[in-house]
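First up is the structure itself, then whatever we jot down about it.
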Amino acid sequence: MDRQTFDKLLREHQDAIHAYARSLTKHREDAEDVVQECFLRLWRSREEIEVDSARYWLLRVCRNLCLDRHRRKQVRDRARDHSERAVVGIETVEDDGRERSLEVSDLGGGALRTERNLDIERLVQAIYELPEPHRSIMILREIQNLAYEEIAETLEISLSAVKVYLHRARKKLRVAFADLNPDERGASA
């Protein structure tokens, strides 16, 4: 792969890789670091990677880097006290200045906007609490809009495993979302 092809791949996939990294890391700065590392690794591996499969390769590398970062963070978090978070709408700003968010285009106005913000925050929290690979599959399918086959190729799992994990993830989200909103659970019973 030459420099021109690499630059083209960077332009084509940078936003999607960044959105995926941000979904997995929950922090803008961490996501930017992961994206930079992904494309650095793409450049270093440019002779081994086929241009047609670069997107899937980048998504896989991104996921692995995010998981590694998450594991390291868990170890650090166990060593120190957990800080409380301040929550505003769908933005969460932690004590260390990092933030996490789900970018939403138009939420409407007034009371409806507030209600939607709360629902989105609950949904985002429920997605973040899903175990792997449920979380990654949910993000790739519902946020990144990848087809089942693309998810299978990205995560290097079978198509049937993608469908099973996605079904289980959706089921867990329904349960988690109902637990977060007990009023609706009583109303639907």
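The values are calculated or read from the model by the stated rules, or taken from the named source; none is laboratory data. Predicted, not measured: the structure shown is a model, and the values here were computed from it. In this analysis, Cβ positions are derived from the backbone assuming ideal geometry, glycine residues included, and neighbour counts consider all displayed protein chains.
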Requested in this report: Please name all residue pairs, on different chains or six or more residues apart, with Cβ atoms under 7 Å, provided the first residue is in segment 32-48 and is without any contact (Cβ under 8 Å) to a residue 60 or more places away in the chain and buried (at least 16 other Cβ atoms within 10 Å of the Cβ) and the second residue is of a type in the set (Ser, Thr, Tyr) and part of a helix (DSSP H, G or I).
Outcome: VAL34/THR25
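Report whether or not VAL162 is at pLDDT 80 or above and either among the basic types (Lys, Arg) or under 23 Å from ALA19 (Cβ atoms) (or both).
For VAL162, the condition - at pLDDT 80 or above and either among the basic types (Lys, Arg) or under 23 Å from ALA19 (Cβ atoms) (or both) - is met.
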